[in-house]
Every structure is written in structure tokens, then in C-alpha cells.
1. Provide the gained length on full extension for the span F150 to M85, in nm with one decimal, where the gain is 0.36 nm per separating residue minus the Cα-Cα distance.
2. Run the reach check for K81 against lysines, Cα to Cα strictly under 27 Å, same-chain hits fewer than 8 apart removed. What comes back?
3. Just how far, in whole angstrom, is the stretch 4-54 from the stretch 141-158 if you go by their alpha carbon centroids?
4. Where the convex hull is taken over the Cα atoms of the stretch 22-100, what is its projected area averaged over directions, in nm²?
5. Label I62 and K158 with points 7 Å out from Cα along Cα→Cβ: what is the distance between them in nm?
Amino acid sequence: MCVDPVTATLVLTAASAAVSAVGSIQAGQAQQSASNYNAAMLERNAEFARNDQVTVQDQAAIDRRRRGIEAQAKLGEIRAKGAAMGLNTDFGSFADLQDAEHNAYNIDRGIIGQNEKTNLEALDRQIAGYQGEAKLQRMTGKQAVTASYFNAAGDLLKGGASVADHWIMPSTGAATRAATTWNPSPELILPTG
């Protein structure tokens with residue numbers, strides 16, 4: 001069985017357009033899968049950052065408790081030394097030392113609280129960044145699929161135009177059929193309108 005070259009060209013052009021269209025759609029779907037995977041990883045990172053926030057809060061609570069214990073021990077030591085000397089620790093230098101230790105404790109608590117707040121705010125920004133990037137990745141994936149459909153349609157239209165080029169005589173614009181299959185006489189051209 002012998003196929004004439006014009007028919008073979010038309011069939012191959014149509015097949016090529018179909019394969020290109022399928023390839024475009026598969027590329028869009030692959031991009032969407034990659035974008036969805038990236039979004040899932042970003043959402044997981046946001047979850048890790050939320051866990052880090054809990055750790056920051058726990059650590060700050062431990063630091064405050066530890067500093068409180070240290071302050072109580074220091075105040076107890078000051079009172080014990082004063083009492084051992086037979087002095088009233090509610091007045092004078094011993095009272096001043098206790099006030100100074102209490103002030104140092106309050107300053108340290110403030111620093112611990114400020115550090116906690118700063119770290120939590122940084123983690124909030126990090127979480128928001130991860131979540132925003134995850135949304136962007138998902139949108140990018142959806143847009144890739146949509147674009148792939150347009151690309152596939154374009155591939156099919158190009159293939160159709162290429163096939164149509166073989167059916168239209170360029171010099172006259174008149175429609176004609178493939179010469180060897182439909183038109184045994186190449187001079188015969190269908191009349192135009």
C-alpha cells in the first residue's frame with residue numbers, strides 16, 4: 001500500500017499538532033504538581049515556625065522562672081548576712097541592696113519579655129511569608145494548567161492552519177483538494193465565489 005506524499009504530510013501535520021497539544025497539557029499539569037508540592041513544603045515550614053513560637057514562649061517562661069529563683073536566692077542571702085550581723089535588713093544599706101536586686105530582677109524580666117516578643121514577631125513574619133508563598137505557588141500551578149490549555153489550543157490551530165495551507169492555492173486563494181487524492185488534474189481549480 002502506497003500513500004501519496006500530500007496525504008502523508010497532512011496526516012503527520014495533524015498528528016504532530018495533536019502530540020504538541022497533549023504535551024502542552026501535560027507540561028501544565030506537571031508544573032501544577034510541582035507548584036502544589038512546593039506549596040505543601042512551604043505550609044510545612046509555616047507549621048515548623050509555629051512550633052518554634054511555642055518553644056520561644058516555653059524558653060522565656062523558663063528563663064523568667066530561673067531568674068526569679070536566682071533573685072529570691074540573692075535576696076535571701078542578703079537578709080541572712082544582715083541577720084547574721086545582727087542588723088535590721090528592712091532599713092539602710094541592706095534594704096538598698098534588696099531594692100537593687102529587686103530592680104535588677106525586674107530589668108531582667110523585661111529583657112526576657114522583650115526578647116520573647118521580638119522572636120515571636122519574627123516568627124509571625126516568617127509564617128506569613130511561608131503562607132503567602134504557598135498561596136502564590138498554588139496560583140502559579142493553576143495558571144500553568146490554564147496556560148497549557150491555551151497552548152494546546154494554539155498547537156491545534158497551528159496544525160489546522162498548516163493542513164488548510166495544503167488545501168488552499170496560495171496564488172488564487174481558491175479552495176482545492178489535494179492534487180493526487182482528490183484532483184487528478186492539477187490545472188482544475190474550483191471557482192471562487
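Just so it is clear, none of the values below were taken in a lab; they were calculated from the coordinates. For clarity, every value in this text was computed on a predicted model and none was experimentally measured. Cβ coordinates were reconstructed from backbone atoms using ideal geometry, including for glycine residues, and neighbour counts include every protein chain displayed.
1. Extra length from F150 to M85 when fully extended: 14.2 nm.
2. Within reach: none.
3. 11
4. About 6.8 nm², averaged over all directions.
5. Between I62 and K158, the label points sit 6.2 nm apart.
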